[in-house]
Every structure is written in structure tokens, then in C-alpha cells.
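Written out below as C-alpha cells is the structure these notes cover.
Bear in mind these aren't lab numbers, they're just calculated from the coordinates by the rules spelled out. Everything numeric here is computed off the predicted structure, so don't read it as measured data. Every residue, glycine among them, receives a Cβ derived from its backbone with ideal geometry; neighbour counts consider all protein chains shown.
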Amino acid sequence: MAWLRNIIRNDLSGVEKYRYGKPVSELQRELGLEKVVRLSSNENPWPLPDSVKKAIQASLENVNRYPDPQSNRLRRLLAQKWGVSTGEVIIGAGTEGILHSLFHSIIEPGDEIVCPVPSYPLYRSAAIASAARFVEVPACDGESWDIGDITGSCTAKTKAVIISNPCNPLGRIMERDRMIALANELDSRQVLLIVDEAYAEYVDDSNYLAGIDLFRNIGRIVITRTFSKIYGLAALRVGYAIAPKTIVDAYDKLHPVFEVSRVGQYAAHAALLETEYIKDIRLKTVAERTRVQKALSEMGVATGLTRTNFLLIKHPKSGEIYERLLKEGVIVRRGSDLGLDGFLRVTVGLPEENEVFLSSLKKVLVHFA
Ligand SMILES: Cc1ncc(COP(=O)(O)O)c(C=O)c1O
């Protein structure tokens, strides 16, 4: 059997597996708990609108047939929404699926992807899958980056810089002026800027610059968005990108042809038309977020500024608090899984879920008073 080891890629020996949030069913099984609250993956916890449920039901007809490999109906709707051509839209299996194929389509041996960190750990996984060197740029003050540090980390081998805006896990935005400066500088260096806007729909800040404006002005930019967050379709694996046609054409040559299921295509199409629902989810999330932050502050727990559906809690005993919360049936995210030691990341859930979190945290913190 030894030869099997020899056929595995050498560069995978130092690679760690992705550390995902614990699934509810696993915690229930391990601890025999009946009720578990999961606040670890920044999903939309509210029920889906009826139109989306109906679309999912309708999509189940004909599942014996392959889905439309081009997701044409959804593609046209997205192109119309953003005022771009259908040839500038990628639809893929979530942001994750899109990044894997996108990196495969631009990376040659020895190429680099530059990424300001802390950031979404799947960027690293996708870069490694395409055998790119993943170059990290640490935040200068723990919460923002010097644009010069990012551009200064680019070499002749750098194909792209990837950032999440707003940033997971920090929850903050990169302000308009800095985005423009970064985009222009990278364009002049012929490095592709990829902006992951998974949480953009939650942002209400006039200093936020949606990547589509950069796309309209500069053109040589890729923006990714997802149906996994505010649209509430995380399990169906649908995301999209707005990208220059040259990139879309390359992507089309090597992505898994049937990567977006028919169920996902139908659901995403219906969800995109639900503009009032999306507004409502944003308002409810922000209201709950404010309430949770206030309750935490009354408990002496500080949270930083966030423009997203999650909060960061700083505590020197965050690892132990995480373990104790699990025993209470509350799953949050360990900052250490996200390159942020000493923090917990907590998704804003339904009001009753947030109550369980707050009362469990209060109970747990007694041990660290
Ligand atoms: C920054 C960021 N991008 C993308 C995603 C979602 O990816 P997908 O569309 O693959 O579900 C997440 C989910 O946690 C995220 O935090």
C-alpha cells in the first residue's frame, strides 16, 4: 500500500483540513442533547418566503433530467439586476465552488494569491487546491490593513488579491477610498482584485463601496456574492460572480459542468425576486444584533463594530468558553479556527436562539469571574 502515499501531492503534507463549525446533529449525538442552537456559520435563521419554497417544490419535477449547465434563467435575472451582460456572470456551487474553479483557471505552477488576514479560511483551501502559493498580509492594528502592505506583498508571480468586504471574521468594511486606492493600484500592477461580498446585503454604511461600482469603473475586477447568507439557501450551494468576460470564458472551460443543481437554480431565482423579504431580514438582523450587543455589554462583554450578521467577542479564555457553551447546547465559532486567537464569533440568530446564547454565556462566565 506504500505506493499510494507516493501518488498523493507532496505539497499536501503540510496542509490542514478546513475546520468547519460543528454540525447540530453531531453535538446532539456526542452529548445526548435534544435542543441545540447553532450560531457558528452566519446563516440566515429566518423562515424562507413562500415563493422560494414553492420554487423548490416545482424544481423537484424532472429531477431525473440534468440541470441547465448555464443556469440561464438565473443568469439573465442577475445580469439584469446588476446591469451587466450575461457573459459577465458566473453562477457556481457557492462562493467556495466559484473560487476553486476561478483559481484553477488563472493559476500556473509557482503563482501566488495574496490575502489580507484574518480572513475566510476557504480562500487558502481554494488557493492550495490549485497549487498556488498563499501569501498572507497581516492586519496592521488587528482590524485593518495598510493598502501599501497589500500591494507591496504582490510580486511578478501574484495573479490575484482576494479580500472579503465586509470582512469575515472581523465584521468590518474596507472604506470606499481605500477600496478605490487598492483597486487602482492592483490594476496598474496587472493583478486581479477579487472581492468576496458574502455579507454585502447586511451593510448599511454610506462609506461602503459595492464592488459593482469598481467593476463598472475599472472592469478588471471579480466580485463574488452568495445565496448562502441573507437569501437563506446555504444548503443548496449557489453563488455568483460578476467578472470580465475573459475570466468568465476561462472559467467556463473547466468548472464542473453541472455544479449548480436544478433545485438551487430555481430557489435562487425566486429568492432574488424577494426584495422586500431581504430588506425585512436585514432590519430584523440589525435589530437583533443591537439587542444582543446591548445585553452583552450589560454583562460586561464588549463586542466590536460589525456591519454583518455576526459579532466578535474578545476574551482571553475564549477556547474554554467555547467548550462550555457546547455543553450548554450552543455552538459558536472559535476565533482560533479563523486565525483570531482570543475571540469567539457568534452569528445573530432568531430572538429565541439569541436568548439561549445570552443565558448560557452568563452561566458560563461565572467560571471566569
Ligand atoms: C467571507 C465568506 N465568503 C463566502 C461564504 C459563503 O460561501 P458559500 O457561498 O460557498 O456558501 C462565507 C460563509 O461563511 C463567508 O464567510
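Taking other C-beta atoms within 10 Å as the exposure proxy, MET174, MET299 rank MET299, MET174 from fewest upward. Averaging over all projection directions, the Cα-based convex hull of the range 190-296 occupies 9.1 nm² in the image plane. Where only DSSP H runs of four or more residues are counted, the chain gives -12500 deg cm²/dmol as its mean residue ellipticity at 222 nm, each run worth -39500 (n - 2.57).
Peptides 337-347, 131-141, 235-245 ranked from most to least packed by the mean count of surrounding Cβ atoms within 10 Å: 235-245, 337-347, 131-141.
Between GLU136 and THR155, the distance separating the two model label sites (each 7 Å from Cα on the Cα→Cβ line) works out to 1.8 nm. Taking packing as the residue-averaged number of other Cβ atoms within 10 angstrom, the listed peptides 164-171, 327-334 run from highest to lowest as 164-171, 327-334. Loop only by DSSP, 16 or fewer other Cβ within 10 Å of the Cβ. Give me the GluC sites (Glu not before Pro) in the range 1-34 that pass, ordered by residue number. In loop regions of the range 1-34 (DSSP not H, G, I, E or B), the sparsely surrounded GluC sites (Glu not before Pro) are GLU16, GLU34. A simple spin-label model places pseudo-atoms 7 Å from Cα toward Cβ; at LEU4 and SER51 they are separated by 5.1 nm.
If you take the Cα centroid of the range 85-115 and the Cα centroid of the range 256-272, the two points sit 18 Å apart. The packing ranking of peptides 308-314, 218-224, 2-8, 56-62, highest mean first, is 308-314, 218-224, 56-62, 2-8, where packing means the average number of other beta carbon atoms within 10 angstrom of each residue.
Fully extending the segment from LYS284 to ASN62 would add 76.3 nm, taking 0.36 nm per residue of separation and subtracting the current Cα-Cα distance.
Note on the chain: dipole from Cβ charges, positive end direction compared against ALA183, ILE7, VAL222; the farthest Cα belongs to ILE7. Modelled spin-label separation between ASN72 and ASP337, with each label point placed 7 Å from Cα along the Cα-to-Cβ direction: 4.1 nm. What the Cα atoms of the chain give is an Rg and a Dmax of 20.8, 60 Å. A simple charge model with +1 on the Cβ of Lys and Arg, -1 on the Cβ of Asp and Glu and nothing else charged puts the dipole of the chain at about 600 debye relative to its Cα centre.
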